[in-house]
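Notes for the one structure printed next.
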Amino acid sequence: MSSVYESARMGPIVGEFLRSIRLKAPSIQINVIAHSQGNGVLVKALDYLGENYSINSQIQIDNAFLWQAAIPS
């Protein structure tokens with residue numbers, strides 16, 4: 001259960017990090033690979049970005065790869 005809590009806690013932090021990359025270098029391609037419980041963090045980060053920034057804000061992740069997800073269904 002602590003991993004679920006940590007994913008929820010770290011998701012917004014990672015989301016803001018991804019947002020800062022996009023704002024500083026708007027033309028680069030952002031590809032993210034997550035493995036195991038990192039998938040929970042990535043899902044929460046993408047949820048955070050979707051909930052807090054409109055589609056018009058240009059916060060875009062080009063590709064997200066979720067590899068061997070160890071997240072509860």
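Taking only the alpha-carbon positions of the chain and ignoring solvent, what does the Debye formula give for the base-10 log of I(q)/I(0) at q = 0.17 Å⁻¹? Debye curve over Cα of the chain, log10 I(q)/I(0) at q = 0.17 Å⁻¹: -0.60. Once the other residues with Cβ under 13 Å from the Cβ of ALA64 are scored (Lys, Arg +1; Asp, Glu -1), what is the net sum? Charge balance in the 13 Å sphere: -1.
The residue list LEU66, VAL14, LEU46 was ranked by how far each Cα lies along the charge dipole of segment 10-73 toward its positive end, using unit charges on Cβ atoms, and VAL14 comes out on top. Note on LYS24 and ASN63: the model spin-label points, each 7 Å out from Cα along the C-beta direction, lie 2.3 nm apart.
Rolling a 1.4 Å probe across the protein heavy atoms gives the chain an accessible surface of 69 Å² per residue.
Compared with the dominant Cα axis of the chain, that is its longest principal axis, helix 38-52 is turned about 50°. Roughly how tilted is helix 2-24, in degrees to the nearest 10 and between 0 and 90, from the longest Cα axis of the chain? Around 10 degrees separate the two axes.
What part of the accessible area of the chain, given as a whole %, is carbon or sulfur when the probe is 1.4 angstrom?
It is 58 percent, rounded to a whole number.
The values are calculated or read from the model by the stated rules, or taken from the named source; none is laboratory data. If you're wondering where the values come from, they're calculated on a predicted model, not measured in any experiment. Glycine gets a Cβ as well: all are built from the backbone with ideal geometry, and neighbour counts include every protein chain shown. Quick note on the areas: whole protein, heavy atoms, side chains included, nothing else; ligands and nucleic acids left out. Shrake-Rupley method; radii C 1.70, N 1.55, O 1.52, S 1.80 Å.
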